[in-house]
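One structure is given below, encoded as structure tokens.
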Amino acid sequence: MTSDNSLPNAPTRLVEATIRVLANCGPSEVKARSVSNEAGLSTMGVYTHFGGVPELLQAVADEGFKRLAAAFKRVPATDDPIADLCAMLLACRDVAQGNPHLYDLMFGLSIDGRYSPSRGTMTTTAQRQSAAFTATYALVIDACARLVEAKCVPEIDPALIAPQLWSVAHGFIMLELAGHFASTANPASEILVATCNNIVVGLGAKRELVETSTARVVARWASLAKD
């Protein structure tokens, strides 16, 4: 271990180390000493570069949202916006399952509430969000805009569609990670996709069109999982 916390990549090393500690040991082990040891730096680095563990965890949460945005961007845009939205939902689930504690932290629930990354403070006009969260969520809104532009649903503000799908995806993921769907054969298709199908149909899309589009995505996702 080195005490040289002036290394240009020290902040990145600390963030990456925290993500590994979260994945391997859980949130209770995220401490300045354990993270610094994992990063190969002195404990002082946490305070030098971030100010403390809460601020470090905010940076970790932001990194989590950047990774989620990257997963969204890997979903190719096709001429079927319904299928593309479905693929984004499944990509979000994959990210969460890859590091459940990181996903938990991103939404301010980890570490027994001791260190809850800020999603911002309320203002008179809107809630200020972290830049990483805002950029990620903008991709969801853009996908919903394509749904409207393609006339899959009537003229509805995409900013009103996005939180409905975001809420379903996040609620499903948190429940699944907690083991609530253990008795369901395929929770992704039977619960997540089915619920989102119902929302899109409720917005005015034709059920047959929606279910045909999402069934193709679910089948492709299942095939990739087997490879």
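Out of all the residues in the range 179-192, which are surrounded by 11 or more Cβ atoms within 10 Å (Cβ to Cβ) and under 20 Å from the mean Cα position of the chain (by Cα)? Residues satisfying the conditions are HIS180, PHE181, PRO187, ALA188, SER189, ILE191, LEU192. Hey, any hits in the range 58-70 for a residue that's within 18 Å of SER130 (Cα to Cα) and among the basic types (Lys, Arg)? There is at least one residue in the range 58-70 that is within 18 Å of SER130 (Cα to Cα) and among the basic types (Lys, Arg).
Is the range 15-34 home to any residue that is outside the structural domain of SER167 (by TED's automatic domain parsing), outside any helix (DSSP H, G or I) and free of Cβ contacts under 8 Å to residues at least 24 places away in the same chain? The answer is yes; a qualifying residue exists. Scanning the range 67-110 for residues that are touching a Ser or Thr at 6+ places or on another chain (Cβ under 8 Å), at pLDDT 95 or above and assigned to a helix (DSSP H, G or I) yields LEU68, ALA69, PHE72, ILE82, ALA83, ASP84, CYS86. Applying a threshold of 8 Å to beta carbon distances and a minimum spacing of six or more residues, or different chains, the list of pairs starting in the range 189-210 at a residue that is under 21 Å from ALA91 (Cβ atoms) and ending at one that is polar (S, T, N, Q) reads GLU190/THR184; ILE191/THR184; VAL193/THR214; CYS196/THR214; ASN197/THR214; ILE199/GLN164; VAL210/ASN197. Scanning the range 193-213 for residues that are surrounded by fewer than 16 Cβ atoms within 10 Å (Cβ to Cβ) and in a loop (DSSP other than H, G, I, E, B) yields GLY204, LYS206. Screening the candidates ALA23, ALA39, ALA69 for the property of being of a type in the set (A, V, I, L, M) and within 24 Å of VAL218 (Cα to Cα) yields one hit, ALA69.
The values are calculated or read from the model by the stated rules, or taken from the named source; none is laboratory data. Note that this is a predicted model, so its numbers are computed, not measured. Backbone-built Cβ (ideal geometry, glycine too); neighbour counts: all protein chains shown.
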